[in-house]
1. Can you name the number of the only condition in (1) closer than 28 Å to residue 157 by Cα; (2) within 19 Å of the chain's Cα centre (by Cα); (3) at pLDDT below 95 that residue 215 fails?
2. Checking residue 85 against (1) surrounded by fewer than 17 Cβ atoms within 10 Å (Cβ to Cβ); (2) part of a strand (DSSP E or B), only one condition comes out false. Which one?
3. Quick one: in segment 118-149, which of the residues that are in contact with a helix residue (DSSP H, G or I) (Cβ under 7 Å, 6 or more places away or on another chain) and more than 23 Å from residue 160 (Cα to Cα) is surrounded by the most Cβ atoms within 10 Å (Cβ to Cβ)?
4. Out of (1) touching a strand residue (DSSP E or B) at 6+ places or on another chain (Cβ under 9 Å); (2) modelled with pLDDT under 95; (3) over 20 Å from residue 252 (Cα atoms), the odd one out for residue 16 is which?
5. Here is a list: 181, 174. Which entry is crowded, with 21+ Cβ neighbours inside 10 Å, out of contact with any helix residue (DSSP H, G or I) (no Cβ under 8 Å at 6 or more places or on another chain) and outside any helix (DSSP H, G or I)?
6. From the residues in segment 259-281 that are farther than 17 Å from residue 108 by Cα and in contact (Cβ under 8 Å) with a residue 60 or more places away in the chain, which one is surrounded by the most Cβ atoms within 10 Å (Cβ to Cβ)?
7. Residue 230 - would you say it is modelled with pLDDT under 95 and either touching a helix residue (DSSP H, G or I) at 6+ places or on another chain (Cβ under 9 Å) or crowded, with 19+ Cβ neighbours inside 10 Å (or both)?
8. Only one residue in 339, 304, 316 is under 22 Å from residue 69 (Cβ atoms), free of Cβ contacts under 8 Å to residues at least 12 places away in the same chain and part of a loop (DSSP other than H, G, I, E, B). Which one?
């Protein structure tokens, strides 16, 4: 055949191929589509099997036995958003509510990031810019050292001997930024958000986070517990929150929380407690501090957990673990595994020993 014939055939082939190529924007990056987000219906949530992931199926039951024996009420493992394990025990079920305790602190941190992205506040501004002076009993020049970031980082320098947060209870101990102490003064950040948004903190939370990710798919609310409003929800609502944090603030194609803020919140926020971000606990650091103590402990927060794990930890072992390297969000609700505890307990390390036997 003549060379011109082959050239004609080649041109036709190239034109046909090009005409069938999709536009670049129609071919999303796989990293943006691999995370599954459940619809706004708590009864519908895609699953993934343990065998599909290549995990050790024989080690699931020992994990579940351990959880039940340690007063767990509910337990969920998500892998890239899909449910791998979901279990209810000790007279709990999928529809029942349970309290988040201090694991709910991370809701306040998250709403702070949303309000900052909306231009309502700046966490580097002093708290008195929003609440006015006299919100503490500290001398004015000391009160004016305290920024919103100090509230989120637990280094306001205020007295942590009382859980109360009225002005008379918030006494000066040290300059802001010079002392880390786990304290309920973070709740003043909820007042900052309310003032900055000109609505209640609860309404802002509902509008900007809860309803946007489907946490309202089942009853959940703020209820009084030991003189403080504590968040209660079903377990899947807690899992939805863990999932949006894992997804760097995105829900589907919508960026609800700034990715930059989540990165800040889940990294060391100050120089004293390396294992603390903005109300999030961080693993894999060289040392850590614990509530009600000024001692520094060497080593990782949870030695058996992956180094990149960060967590929302609440009284009596309420847990949200996020592990980017393993594509995991893990939820545990229930009574205290052993004795009543605040935030971290030995249960964390024991649980991760069982988890490792399953997933490794």
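The values are calculated or read from the model by the stated rules, or taken from the named source; none is laboratory data. All values reported here derive from a predicted model rather than from experimental measurement. Cβ: placed from backbone, ideal geometry, glycine included. Neighbour counts: every protein chain shown.
1. (1)
2. Of the numbered conditions (1) surrounded by fewer than 17 Cβ atoms within 10 Å (Cβ to Cβ); (2) part of a strand (DSSP E or B), the odd one out for residue 85 is (1).
3. Of the residues in segment 118-149, the ones in contact with a helix residue (DSSP H, G or I) (Cβ under 7 Å, 6 or more places away or on another chain) are 120-125, 127-128, 130-131, 133-137, 143-144, 148.
Filter once more, keeping what is more than 23 Å from residue 160 (Cα to Cα): 120-122.
Details: 120: 17, 121: 20, 122: 15.
Once the filter is applied, the top-ranked residue is 121.
4. (1)
5. Details: 174 fails: crowded, with 21+ Cβ neighbours inside 10 Å.
181 is the lone residue from the list that is crowded, with 21+ Cβ neighbours inside 10 Å, out of contact with any helix residue (DSSP H, G or I) (no Cβ under 8 Å at 6 or more places or on another chain) and outside any helix (DSSP H, G or I).
6. Here is the first cut: in segment 259-281, the ones farther than 17 Å from residue 108 by Cα are 268, 270-275.
With in contact (Cβ under 8 Å) with a residue 60 or more places away in the chain added as a condition, the list becomes 270, 272-273.
Values: 270: 19, 272: 19, 273: 24.
Among them, the one singled out is 273.
7. yes
8. Details: 304 fails: free of Cβ contacts under 8 Å to residues at least 12 places away in the same chain; 316 fails: free of Cβ contacts under 8 Å to residues at least 12 places away in the same chain.
Just one listed residue meets the conditions, 339.
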